[in-house]
Amino acid sequence: MPRPGSSGATADSQPRTSVRPTSRSRRSSTGSSGTCAFHASTFPRCSRSSKAFDGYWEDPEFEPYDPARDRERFECARKVERPQAPFELLALDVNPYPHQQEILDRLTAERDLHCRWKNLVVAATGTGKTVIAALDYRRVRRAWGEARLLYVAHRREILHQSRSTFRAVLRDGSFGELWSEGERPVGGKHVFASIQTLARIDLDGLSPDAFEVVIVDEVHHAEARTYERLLAHLRPRLLLGLTATPERADGEDIRRWFDGRVAAELRLWTALERGLLCPFQYFGLHDDVDLSAVQWKRGGYDPSALERVYVLSREIAVRRVRLVAQALADKVRDLRGMRALGFCVSVRHAEFMAEEFAKLGIPAVAVSAQTPMADRERALRRLKDREVNVVFAVDLFNEGVDVPEVDTVIFLRPTESPTVFLQQLGRGLRLAEGKACLTVLDMIGRPSRRFRFDLRFRALLGGSRAGLERALREEFPVLPPGCAIRLDRDAHRVVLDNVRQALQQNVRSLVDELRVLADELGRPPRLGEFLERAKMDVDELYRRRGQGVLTWSRLRRAAGIALPPPGPDDDALAAGLTRLVHVDDEERLGFLPLHARVSWTTTSNFCSRCSTSASGALGHPTVTSGHRWRACGPTRLRSTSYVS
C-alpha cells in the first residue's frame, strides 16, 4: 500500500523514512553542537566517513525535520513502515517520494508550458508508476472537478491493485468501478476496465469524449489492435501512458500516441543508483544443455522444442533440476526462508519443476493463465507467508504482480527479449523489510548461433556491444551500489563468445539478412525494419568496414535492391554520417533536413515525392522532417520510422 507522509507513497515500492535536523550544525560525540577537525592523512576513515555524510546530507531524498511541525507526520510514516490495519490508511494523506515529485513536475511543465496533454511516463518497475498516476489524477481532479476517468489495463490483478491505490490517494474507499469479467460499471464516471472487455464492445456506443482522463497502464501493448482501436476512438482532454519498458520487439514506436515524446523517464539503472530499488546479485550458471540444434522459429526458440528438452528428455531434465536446486542451496543457503519466482518455457515445464522441487523437499507450486484467479492469489499469499518457497510460472507474472518480498528470481529458459528479461527481473527488485538484495539465477546452456545474449545485458547495462564485450572481459567493473554480475567459467565463455560473434557481423552476413527480409516482406525493407531484424543500432551499421564506411544505400545495392548510382560525394557523405548517428537532440535533427537541402543540392538528385537526396551515400529518402528516433536503453539510439 502507499506510504503516507512527506517522503512519498507507492503501491509497488517499499516506503522509507528520511529526515534530518533543521540545524546545519552537526553533533559531536558528546552530544553538543559543534565541529570536529582532523587531518585526512591521519584519519583516512574519518575522511571517507565525512564525505559519505556530506553526500547523504545533500541527498534530495532527505528533508529538514522540525519536531514542532513534523512530529505527527513522522510518527504516521513510522507506523506505516510497520503496517497496522489497512483501514487506517484512508485517514492519512499520501504524498510523493522525491523521484515521483520530479515526474509530476515534468508532467506539469509539459502541460502548462508546452500545452502537451498526451504524456508518456517511462519508470522502472517498483518506482511507483500507479501512485504517480493517482497523484497526477488527484491534481487534475482538484482543478477540473469530477474529471471522468478511464483506467485501462490488460490484467484483472492490475485493475484491482490500481483501484486500491487510487482509493488510498484520493481517500475515498468507494472510488472507481470495475469493468471486467462480467462486472459492469453502474455510474460510469470512474472506470477501471480491462482491454479485453473494451475490445468486445461496440465503440459507436461510447462517445469519444466520454472520459476526460484516460490512463493506459503497461502502454507498451498499445500497438496491439485492441489498444489501437480504442486509442484511435477516444478523445480525452488528458491521455497518460505508463510503462517500464517502452521498446517493443517488433520495432513499433508507441510514442506515436504521445506526440512522439516521452514526458518523463526513470530507467532501471538510475533507479538502482538512487537506491529506489533493491540491489541484485546475478549469477549466470552453465547448465550444460545443448540448445544449438533446437528449432528456431519466428525470431526465437520454438517453445515446444524447448519443452521437449527441459521436460521430456528425462535424464537431462532431472539433472538440470538438481543443478538448479544445488545452485539455490549454494547462493541462497536458507531455502526454507526463500521466496522465489521461477520463469519457465511452458505450463508443462512449470508443473514439472514444481513436482521435482517438491520431491527434493522444497515446497513449490505452478500457476498459469488457466489457473483460477483465487488459486493464483492463494499461491502468492502462500509464497509471502513462506508456506511455499517457489512459484513457477511462464509469463503470467511478468507484469502487475506486487510481491515485494520476492527475494529470488530463477530464469529457467533462454530469454532473449530485453523487455521480458527486465519485466521478470523487476518482479524481485522492489524494496522490502529485511530484504538485503535480490538473488538472480540464470541457467545458461550452449545456445543457437542465432541467439543473442547481448540484448538482455545491454537492456540492463546500456552501452554498445563493444562496450559489453569489454565489460565481460573485465567482469563488469561498473555497476550500481550493491549490485554484482557473476558468471561461472563455462557460462562466461559461452556469453563472451556469443557477444563476440554478434560483433563480427560482416558485410556478407548483413547482405544475406537483408535479402531474406526483402523476400519475406515482398518489398525493399525500411531501415528501421532491418535494424530490428538484425538487432543492430544505427552506429553499428554506419561504421568503417575494410576500405570504407558501410551505409544503408551501399548495403541495399550490395543486396541487389535497385537504387540510383552513387553520387560524386558519396565517400565524403558516408564519412560524415558516422558523426551524426549519435545525435538525439530534436532541434538539431529538425535542422538537418534544411541544411541537407541547401548544402547537397549541387551534388545530389532529389526525390520528387519527398524532396530529399536520392543518391550519394544517403540513398532514398535521407534525413527528412518526418525522421524520428527513440531511446533504446540508457545511451543507445535506434532508427524507427524513416528509411535512410
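The values are calculated or read from the model by the stated rules, or taken from the named source; none is laboratory data. Note that this is a predicted model, so its numbers are computed, not measured. No Cβ is skipped: glycine too gets one built from the backbone with ideal geometry, and neighbour counts run over all protein chains shown.
Can you find even one residue in the stretch 435-452 that is of a type outside the set (A, V, I, L, M) and under 23 Å from residue 128 (Cβ atoms)?
For the stretch 435-452, residues of a type outside the set (A, V, I, L, M) and under 23 Å from residue 128 (Cβ atoms): present.
Starting from the stretch 259-285, take each residue that is farther than 24 Å from residue 101 by Cβ and buried (at least 21 other Cβ atoms within 10 Å of the Cβ) and list its partners that are β-branched (Val, Ile, Thr) and at pLDDT 95 or above, counting only C-beta distances under 6 angstrom and pairs at least six apart or across chains.
These pairs meet every condition: 280/440; 282/440; 282/485; 284/444.
Name the pairs: first residue in the stretch 117-138 and without any contact (Cβ under 8 Å) to a residue 12 or more places away in the chain, second residue surrounded by 24 or more Cβ atoms within 10 Å (Cβ to Cβ) and aliphatic (A, V, I, L, M), Cβ to Cβ under 8 Å, at least 6 apart or on different chains?
Pairs found: none.
Across the stretch 425-461, what is the total count of residues that are surrounded by fewer than 22 Cβ atoms within 10 Å (Cβ to Cβ) and in contact with a Cys (Cβ under 9 Å, 6 or more places away or on another chain)?
Number satisfying all stated conditions: 5.
Go over the candidates 440, 511, 495, 499 one by one and state the one that is in contact with a Leu (Cβ under 8 Å, 6 or more places away or on another chain), not basic (Lys, Arg) and not assigned by TED's automatic domain parsing to the domain that holds residue 344.
Within the list 440, 511, 495, 499, the selection yields 511.
Within the stretch 426-472, restricting attention to residues that are among the acidic types (Asp, Glu) and part of a helix (DSSP H, G or I), which residue is modelled with the lowest pLDDT?
454
Identify all residues within the stretch 147-171 that are over 20 Å from residue 219 (Cβ atoms) and either among the hydroxyl-bearing types (Ser, Thr, Tyr) or without any contact (Cβ under 8 Å) to a residue 60 or more places away in the chain (or both); write none if there are none.
164, 170
Could you tell me whether the stretch 234-248 includes any residue that is in a helix (DSSP H, G or I), surrounded by fewer than 22 Cβ atoms within 10 Å (Cβ to Cβ) and at pLDDT below 95?
The answer is no, given that none of the residues of the stretch 234-248 is in a helix (DSSP H, G or I), surrounded by fewer than 22 Cβ atoms within 10 Å (Cβ to Cβ) and at pLDDT below 95.
Pairs, please: C-beta under 8 Å, at least 6 apart or cross-chain, first residue among the hydroxyl-bearing types (Ser, Thr, Tyr) and in the stretch 563-578, second in a loop (DSSP other than H, G, I, E, B)?
578/542; 578/543
What number of residues in the stretch 269-300 are of a type in the set (Phe, Trp, Tyr) and at pLDDT 95 or above?
The total comes to 3.
Part of a loop (DSSP other than H, G, I, E, B), surrounded by 22 or more Cβ atoms within 10 Å (Cβ to Cβ) and either modelled with pLDDT under 95 or of a type in the set (Asp, Glu) (or both): does that describe residue 475?
no
Of all residues in the stretch 495-510, count the ones that are under 12 Å from residue 534 (Cα atoms) and crowded, with 16+ Cβ neighbours inside 10 Å.
Number satisfying all stated conditions: 3.
What is the one condition in (1) within 24 Å of residue 230 (Cα to Cα); (2) out of contact with any helix residue (DSSP H, G or I) (no Cβ under 6 Å at 6 or more places or on another chain); (3) outside any strand (DSSP E or B) that residue 122 does not satisfy?
Against the list (1) within 24 Å of residue 230 (Cα to Cα); (2) out of contact with any helix residue (DSSP H, G or I) (no Cβ under 6 Å at 6 or more places or on another chain); (3) outside any strand (DSSP E or B), residue 122 comes up short only on (3).
Considering only residues that are closer than 19 Å to residue 580 by Cβ, touching a Ser or Thr at 6+ places or on another chain (Cβ under 9 Å) and in a helix (DSSP H, G or I), which ones fall in the stretch 507-546?
527, 528, 531, 538, 539, 540, 541
Among the residues of the stretch 99-116, which ones are under 22 Å from residue 149 (Cα atoms), free of Cβ contacts under 8 Å to residues at least 24 places away in the same chain and not in a helix (DSSP H, G or I)?
Within the stretch 99-116, just 115 meets the criteria.
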